[in-house]
Amino acid sequence: MINQKDLEEILLQNKILDEKQLKKYSDKVRKSSDTLEDLIVEEKIISPALLYELAAKFYKLPFIHLKDKTIRKDILFLIPEITARSHQTVAFDKTNTDLNVATLDISNIELFDFLSKKTQLNIKLNLTTPDDIKEILKIYHKGLSAEIKELGEEEEKGKEGKPDELKHLAQDLPIVRVVDTLLEYAILEKASDIHIEPSEKEVGVRYRVDGILRKVMTLPKSTHAGVVARLKILSNLKLDEHRLPQDGRFKIKTKEYKVSFRVSIIPTFDGEKVVMRLLPDESQQLTMEQLGFNPEALKLVRKNVEKPHGMILVTGPTGSGKTTTLYTILGELNKPEVNISTIEDPIEYKMKGINQSQIQPKIGFTFATGLRAFLRQDPDIIMVGEIRDTETADIAINAAMTGHLVLSTLHTNDAVTAIPRFMDMKIPTFLIASTINIIIAQRLVRKICKNCIESYTLDKALLEQLKQQFDLEKLEKYLMEHGHMTKKQNISSMLFYRGKGCNQCDNSGYKGRLGIYEVLEVSEAMSELILKKASRDELQKLAVEQGMMTLLQDGFVKSKNGLTSLEEVLRVTQE
């Protein structure tokens, strides 16, 4: 948990190792997946207790032994178990103004800020040892397990019970605590979704963080009915309905955050499965630069966004960040002199100054009917959440032709395929050629954690794998032409980057996400090809000749620049 630079300093200052010995161990670390801390503890150069005592002196912090300390439960539970386990941090004492916290990682400023806001107390940091943290984590487990066990029989009775029994079950303190912990930890971890999945003997809880699902907790099967009932009460859903899917929503508001939870419950063989989408109410408005466009692509996007009419399309699979890109473009277009209307399914983020409508198919309010109504509302800019059918495509493309700027999304794997997709929807080619300004295809890749980034060159096995999947000669030619590689270099000699895995990124090597893009401008030459009903391959060939950077090329440049890893680019572009 002590970062390598500080650890080297501590070892030298206290004469635990000399320069020569330190170099030997540092070289060993580079060749293995271990950290320097792991290595010196494993080889018994120093005990963990002494190491953390010396580290406390180095950081000018108090050192505390927790093993023999009695900690009040109300203080301990100020930090939920999964947060304490993940961040190796526990609360052990409290006054009217301060909360004493023992940790192994003093660099986790985000967590300490969160705790300070949540408890309204000053956080006093203390360093402790990994063994002490392990012991305290056992107390958590005993406490929560005992409370849940007591509920066991009662909950089994209430499994398919009457609404009153389920309501009583949902108000039991341990159930309330379990649900609060799951929600709070998801907000802290910046999860986008929570999955609560019953199986025959247990209930699994998984979070989607940076696009990847990971298991965070296993609950006893006896808690399932209470947890689901609690979430149904929060979402204002029917407690006694177990056979039909239900959808609801609820909001959590505190001084430091406002988050909406979109809840979906479906019946499965082992009970009801719950999936919750987290939607921060006031998510930070991104700029076009922050999205991750390369300079040439950004120039093209800006040029076309400023046009008074036509269509801007964003394509990609579900969860590739299309809506975020559209909201960012709308944010730049949102001025008092223009009337902007959106029709979405559902409204993910509320934006000031924009008229947002949500479709209601049950009562006949679809994308197509909403679009028709918008055209009578004197709009300048219209955003259609998604073009799913011929009727919506036809109205949207006619609106773009008659003086409106229309923004929308389409489910295709790359930018060029959007054109044949419209042809399949029976849209006349002259309308496609004259109304589409620009098509943006995108994917989201995870960013390498800056705390544990390391460089490497491709080995023969990985190089062979790449050769089978791509034309490396073409890629090298492109990188040279655009100044990303010199003539003396080749891909095998280039430095790439990855995350080693650390406490701050939950040992994944990644933290946060950014987009990789391909941007296709419908030029005159492209319009001519569309009018001739050219194939997808012909359109792609022309787009590349005109200088379009493909998703793979953009990903390669970003992995070369240390923003993401090559493995991550291959993962999202080869689906």
Query raised in the report: Any idea which of PHE367, TYR517, GLY292 is furthest toward the positive side of the dipole for the chain, if Lys and Arg beta-carbons carry +1 and Asp and Glu beta-carbons -1?
Result: GLY292
Report summary line: Sorting LEU39, THR325, LEU231 by the position of each Cα along the dipole of the chain (Lys, Arg +1; Asp, Glu -1; all at Cβ), the one nearest the positive end of that ordering is LEU39
Query raised in the report: How large is ³J(HN,Hα) for each residue in the range 318-326, as worked out from phi by the Karplus curve 6.51 cos²θ - 1.76 cosθ + 1.60 (θ = phi - 60°), to whole Hz, x for Gly and Pro?
Result: 4, x, 9, x, 4, 5, 4, 4, 5
Query raised in the report: Which value, in Å², gives the accessible area per residue of the range 248-407 when a 1.4 Å probe is used on the protein heavy atoms?
Result: 48
Report task. For the range 519-575, report the accessible area per residue in Å² (1.4 Å probe, heavy atoms, rounded to an integer). Result -> 45
Query raised in the report: Between LYS299 and ARG72, what FRET efficiency follows from the Cβ-Cβ distance if R0 is 60 Å, with the result rounded to 0.05?
Result: 0.50
Query raised in the report: Within the P(r) computed for the range 79-145, what percentage of the Cα pairs occupies the region above 20 Å?
Result: 23
Query - At 1.567 mPa s and 4 °C, Stokes diffusion of the range 35-119 via Kirkwood alpha-carbon radius, µm² per second - result: 90
Requested in this report: Treating the Cα atoms of the range 208-250 as identical point scatterers in vacuum, please give the log10 of the normalised Debye intensity I(q)/I(0) at q = 0.23, 0.34 Å⁻¹, two decimals.
Outcome: -0.91, -1.08
Report task. Could you give the size of the charge dipole of the chain about its Cα centre, using +1 on the Cβ of each K and R and -1 on the Cβ of each D and E, expressed in debye and rounded to the nearest 20? Result -> 500
Requested in this report: Might you report the magnitude of the Cβ-based charge dipole of the range 10-138 about its Cα centre, with Lys and Arg at +1 and Asp and Glu at -1, to the nearest 20 debye?
Outcome: 80
Report task. At 7 Å along the Cα-to-beta-carbon direction for both SER32 and LYS44, put a label point, then send me their distance in nm to one decimal. Result -> 1.6
**Report entry** Euclidean distance between Cα centres, the range 324-373 to the range 39-104, Å
**Finding:** 49
Query raised in the report: Taking the alpha-carbon centroid of each part, what is the distance from the range 253-277 to the range 1-28 in angstrom?
Result: 47
Report task. Please compute the net charge surrounding GLY292, taking Lys and Arg as +1 and Asp and Glu as -1 over other residues with Cβ under 11 Å from its Cβ. Result -> +2
Query - Estimated dipole of the range 271-347 in Debye, rounded to 20 [Cβ of Lys and Arg +1, of Asp and Glu -1, Cα centre] - result: 280
Query raised in the report: Farthest toward the dipole's positive end in the range 216-285, which of GLY271, TYR257, THR218, given Cβ charges of +1 (Lys, Arg) and -1 (Asp, Glu) about the Cα centre?
Result: TYR257
Report task. Provide LYS238, LYS31 ordered by accessible surface of protein heavy atoms (probe 1.4 Å), highest first. Result -> LYS31, LYS238
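The values are calculated or read from the model by the stated rules, or taken from the named source; none is laboratory data. All values derive from a computational prediction rather than experimental measurement. Cβ: placed from backbone, ideal geometry, glycine included. Neighbour counts: every protein chain shown. Note: accessible area is taken over every heavy atom of the protein model, side chains too, but ligands, DNA and RNA are not part of it. Shrake-Rupley method; radii C 1.70, N 1.55, O 1.52, S 1.80 Å.
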